[in-house]
Amino acid sequence: MKVYEALPPASVRLGFYRAAGPWKDVAVVEFGPEGTMHYVQSNVRGESSHFFATGLKERQIIFGDTENLEKAILEVDEQLHPGLMIVMSSPVSEIIGADLRAVCFKMQSKVHAQLMAWDPVPVAGNEAQGKTIAYEKAAAYLKKIDSILPAVEKNGVLVLGLSEVDYNGISDLNEIRRMLMDWFGLKLLNDAFGRYALSDAKKAQFVWVVDQEALPLASTFKELWGTPWHYSVPYGFSVCRELVHVIEQTIGISHQVQWEKDIQEAELILRQFRTGLESRRKRRIFLDIRPARMKSLETFLATELGMEVYCPSAQTSALSTDGAVIKNPEIHKDDILLASGLLCALHPENNAFCMDDPVVRHKTFSHHLPLMGLRGAENFLTLLYPFLL
Amino acid sequence: MRLHEYTKATDVPHYSCAISPGKHCPLFGVGVVFQGMAGVTLIYIGPQDCVYYAQTDTLLRQLASGRTDGSQVRTLAVQLSDSDFIFGIRPQLEKLLEEEVLRDDTHAVFLVTSCSVEVLSEDLKGTVDAVSSRTGKRVSLIPIENFKTFSYFEGSEKAMVSLTSGLKTLPRKSKSFAVLGARKAGAEKSEPVRWLLEKGYTLQSILPYESNAEKVEHLTEAEFTLVVEGCGLEVAKRLEQNYGIPYVRFDKRLDLEHLTQGWRKLGKLTGEDCEPWIQEQLHEITSIEAMVSAKVSGSTFFYNQKVLYPFEAALFLTKLGMIPTCMFLGSAMDPDDESRDALVEKADPILWQNANQSTIKNMLNTAIPDYFVGGIMSSIAQQYSLMTFTFPINRVSTGFDFYKTCLHQVLSAKKWEERIK
């Protein structure tokens, strides 16, 4: 048993839902009480109307009855016509030993969608594990249906792991969209909210993976259709340079003149910031975001900007305890917080900027204030500078 | 299911077996009650999902209400592993409970279980009682079973009862009263509370929204209590039964007879003559009702309001001449059969649990009512050319004021396109 004083880590299940949020041709049916689904939908930002619970009731628990689940599968198939329907267990259905694989096997011939069971869902774990499982299931689905997918012309870039589900995701995605178009004339295949149909991934000529948990899916694209991919979380200037190089090498197209203009401007801004920073008191940055993004942002802040960065581990790796309370990581009064909304809000005395899981006060209205990409890096400097004064 | 077939709330069917998003979990209901309870430690125990959501929601709620200054409950999330479910957790849990309850500023500890823990039937009551008897301090269990409940209200009700059980009898404080059931700010502005304050009465506490462990311990000093929402009703009954503290119900906000009775009881308890004022209010209400009836009588309606007592609200509209044809039951449920029995004499609407918008659309395809009461997507309201209105959902408003506001809401109902103009 692990005891958390304030912020328990997000679960495997939530990670799965967050990964599946942007998939247009996927539905998820959870054999569980409806309260958990309500919580899920409050915690998955953006579209979540393709996630369902069966509203597990006492009589189903006592008699092990799965009739309600079977009806739910038929209803979702008829209403949403998903290509893939994932049937997921809940902590309660696991305790009563409901066999969801058997249900999927029984129902497969009655529905259009490919049914896949996720049973059991690990009782403990972290968000990243759940995302990995989701991407693995998506990969398995594509392998299964590849033979019936029509031939398509490859035209455009697909981004995996960045969408409206992510805090500031639409802004970040819009910057990526701009970079690809302005620098290479490439179009982004994700829609305005970052959503896409798994079966449309075949159209991509290049895949940019922003979440490392999406790598199994990117590898499957390569395996099935030879689609090249590149993984980077685009925080900072050097990641953008690297990306330009990778696209030139893998797709074989040269950058356009806009890239040179943009990078020259960015270099000038970076020099101005560093000069400004030299005359200012240095303050530690307390960086506590999801692990997949931590490394890239830390590199940008520490290596490119020359700042002192502290990355705690307590948030992301739950310690094993025998009932002792896991405390929040220690935050110094002068620390600049770049962290989850809740942690920022719990430390109103610190200069803080929300980077994930916002609370109400962090609602973003603009879709054009990126923190990723080249303009995102410039925005970061603007954001940090007043904190250093 | 038709109204005449109704047996209990949990038997009302969902339109779909696939539910999205579903109702709040009762764990949420517990968090709502405890959010401002300084001096209390609330421990959620269960699998990672349940404790993550419950804990995060409680913390977010505290932030939203500006409680980061120590005037909030201390919450802990106890996340169980596979082996905990198999081998049990009693020794570690006892140690944790003991440490918590012996903290300097802690008056009481409440252990809140989730579905999985309840399904396993581990004897947590025994654990809690053992720690309580060893330390001489208050440690209580609040068992939560989402799969047995109709809505999160039951979590709030259980939490309220648990919070106020085992209180000591204290000497009454003259001219003092407490408000029960207010889960949001502003109960002091509601009609009966305002009136009592004007008459020089002291508001002992507003439970749960503006209370804390110390105030709860002094609850039995109140001369009487006012119930403003259903989750406070059971506590009021117990306070009367166990400590002789009378209560006045203002939770039946759309039942004019009960409202009037409530005011008369309040007059009796305070020794004030309210009758002339009550008559004035009833006279005014009668004239507004006549205007509303002239507009809506004979019109059909769908009902989809979440937090008022649904049968009482439907009966209120039926008395104005309207005819309910379909009702979507949300989170609140009438605490007794009175309104439902009266309603079934007049109408027999179809009942569904907690509709999502696609369910609403499917039902509109079977029969289009004249009015839609409660939440509906503007595009759907427009598509079916519905007159729409929503009753105020501020759960602490009550009294003749609230009743009149609701009448005016009906009177000002408009079609969506007229609303935009």
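The values are calculated or read from the model by the stated rules, or taken from the named source; none is laboratory data. Computed from a prediction, not measured in an experiment: that's the story for all the values here. No Cβ is skipped: glycine too gets one built from the backbone with ideal geometry, and neighbour counts run over all protein chains shown.
Tabulated data for the structure shown
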{"item": "Selection from the stretch A:29-42 of residues that are at the interface with chain B (Cβ under 7 Å from one of its Cβ atoms) and among the acidic types (Asp, Glu)", "result": "A:34"}
{"item": "Per-region count, the stretch B:280-322, residues out of contact with any Asp or Glu (no Cβ under 6 Å at 6 or more places or on another chain) and part of a helix (DSSP H, G or I)", "result": "25"}
{"item": "Tally, over the stretch A:113-139, of residues that are touching an Asp or Glu at 6+ places or on another chain (Cβ under 8 Å), assigned to a helix (DSSP H, G or I) and β-branched (Val, Ile, Thr)", "result": "1"}
{"item": "Residue in the stretch B:59-73 that is out of contact with any Phe, Trp or Tyr (no Cβ under 9 Å at 6 or more places or on another chain), away from chain A (no Cβ under 13 Å) and among the charged types (D, E, K, R) present", "result": "no"}
{"item": "Subset tally (residues that are more than 9 Å from chain B (Cβ to nearest Cβ), farther than 21 Å from residue A:24 by Cβ and touching a strand residue (DSSP E or B) at 6+ places or on another chain (Cβ under 9 Å)) for the stretch A:67-101", "result": "6"}
{"item": "Residues (hydrophobic (A, V, I, L, M, F, W, C) and part of a loop (DSSP other than H, G, I, E, B)) located in the stretch B:254-279", "result": "B:254, B:274"}
{"item": "Number of the condition not met by residue A:109 [criteria: (1) within 22 Å of residue A:23 (Cβ to Cβ); (2) of a type outside the set (Asp, Glu); (3) not in a loop (DSSP other than H, G, I, E, B)]", "result": "(1)"}
{"item": "Wholly enclosed helices (runs of 4 or more DSSP H) of the stretch B:98-188 bearing at least 3 residues of a type outside the set (Ser, Thr, Tyr) and under 30 Å from residue B:202 (Cβ atoms)", "result": "B:153-163"}
{"item": "Residue check for residue A:96: of a type in the set (A, V, I, L, M, F, W, C), surrounded by fewer than 22 Cβ atoms within 10 Å (Cβ to Cβ) and free of Cβ contacts under 8 Å to residues at least 24 places away in the same chain", "result": "no"}
{"item": "Hey, residue B:51 within 28 Å of residue A:60 (Cα to Cα), facing chain A (nearest Cβ under 10 Å) and modelled with pLDDT of 90 or more or not", "result": "yes"}
{"item": "Whichever residue in the stretch A:43-66 is at the interface with chain B (Cβ under 8 Å from one of its Cβ atoms) and within 21 Å of residue A:363 (Cβ to Cβ) and, among such residues, is surrounded by the fewest Cβ atoms within 10 Å (Cβ to Cβ)", "result": "A:49"}
{"item": "Qualifying position, being hydroxyl-bearing (Ser, Thr, Tyr) and surrounded by fewer than 21 Cβ atoms within 10 Å (Cβ to Cβ), among B:152, B:201, B:209", "result": "B:201"}
{"item": "Number of positions in the stretch B:364-409 that are of a type in the set (Val, Ile, Thr) and either part of a helix (DSSP H, G or I) or touching a Leu at 6+ places or on another chain (Cβ under 6 Å) (or both)", "result": "3"}
{"item": "Test set (1) outside any helix (DSSP H, G or I); (2) at the interface with chain A (Cβ under 10 Å from one of its Cβ atoms); (3) of a type outside the set (S, T, N, Q) - residue B:37 fails condition number", "result": "(2)"}
{"item": "Within the stretch B:10-26, considering residues that are without any contact (Cβ under 8 Å) to a residue 24 or more places away in the chain and facing chain A (nearest Cβ under 7 Å), the one farthest from residue A:87 (Cα to Cα)", "result": "B:17"}
{"item": "Any hit, the stretch B:76-96, residues being acidic (Asp, Glu), in a helix (DSSP H, G or I), crowded, with 17+ Cβ neighbours inside 10 Å and facing another protein chain (nearest Cβ under 8 Å)", "result": "yes"}
